[in-house]
Amino acid sequence: MPTDKQFERLEQRRKTLQKEFDQLRARQNEASREIARLKKEGKSADKLLGEMQKVAERIKTLKAEQQEVEAELNTSQLFRPNTPHASVPKGKSSEDNRVERVWGEKPKFVFQAKDHVALGEALGILNFERAAKIAGARFAVLTGAGASLERALINFMLDLHTKEHGYTEVLPPFMVNADALTGTGQLPKFEGDLFKTTDGRYLVPTAEVPLTNLYRREILKEEDLPISLTAYTPCFRSEAGSYGKDVRGL
């Protein structure tokens, strides 16, 4: 990803190319009128025609340079993260994060607490070995009460948002095109975490992608805002980093 200085140089180059392009276009228009006048008067326009041939060649070169610079600028912008709020502390790792607020009270146990993996296996509702047989490592099969609990949590989430907070439930496609993922910032930076189909589409990494793209490139009326949508979808991510493994996610 280009640095800020490189980005500024690219932007300055783009402006310089655009300025020359506009000047040459203006010269073309001016020369066209002059050529028409000379021909009408029965005079030779060979000199101007020769000049315009060179101008046309230069414009062709400028267009190619413009496309190259604009492509670099576009890639640079797509890789740039969102600008953090001024209150966000600077740091090198998660150890530098700051707790803003705490909600509720952390329970205290008189016994050694178990994580969801240990509890699920002990209750017989979570099985990693059988999942590995059909899908490989880091997958799980929920059975019985485990599967019912998953379904209940999905319904609880959707009911909470639709019945208590005024959201509209949506059941979107589980595949999207590249434009959708570019619009939400996953592409091109996080392409390695996505699952791509043979026809160039992608499995959704989160429901936010199809939901936020429903109104992409539309101008909405202020009186129609806010538009509150909620959805449940599978989240297809390869978890190429270590995050999923570290927290023993399912």
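Restricting E70, E8, E20 to residues that are in contact (Cβ under 8 Å) with a residue 40 or more places away in the chain, within 30 Å of L181 (Cβ to Cβ) and not aliphatic (A, V, I, L, M) narrows the list to E70. Each residue in the stretch 114-127 was checked for being under 38 Å from the mean Cα position of the chain (by Cα) and assigned to a loop (DSSP other than H, G, I, E, B), and 3 of them qualify.
A search for C-beta distances below 6 Å between a residue of the stretch 201-213 that is surrounded by fewer than 18 Cβ atoms within 10 Å (Cβ to Cβ) and any residue that is assigned to a helix (DSSP H, G or I) and modelled with pLDDT of 95 or more, counting only pairs 6+ apart in sequence or on different chains, returns nothing.
Table: residues versus (1) assigned to a loop (DSSP other than H, G, I, E, B); (2) of a type in the set (D, E, K, R); (3) touching a Pro at 6+ places or on another chain (Cβ under 8 Å).
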position: H161; (1), (2), (3): no, no, no
position: P172; (1), (2), (3): yes, no, yes
position: D179; (1), (2), (3): no, yes, no
position: P188; (1), (2), (3): yes, no, no
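Does L78 qualify as being surrounded by 10 or more Cβ atoms within 10 Å (Cβ to Cβ) and touching a helix residue (DSSP H, G or I) at 6+ places or on another chain (Cβ under 6 Å)? So L78 fails the test.
Do we have E95 as free of Cβ contacts under 8 Å to residues at least 40 places away in the same chain, surrounded by 12 or more Cβ atoms within 10 Å (Cβ to Cβ) and either farther than 25 Å from E11 by Cβ or assigned by TED's automatic domain parsing to the domain that holds T143 (or both) here? It is false that E95 is free of Cβ contacts under 8 Å to residues at least 40 places away in the same chain, surrounded by 12 or more Cβ atoms within 10 Å (Cβ to Cβ) and either farther than 25 Å from E11 by Cβ or assigned by TED's automatic domain parsing to the domain that holds T143 (or both).
The values are calculated or read from the model by the stated rules, or taken from the named source; none is laboratory data. On a predicted model such as this, the values are computed, not experimentally measured, just so you know. Positions of Cβ are backbone-derived with ideal geometry, glycine not excepted, and every protein chain shown enters the neighbour counts.
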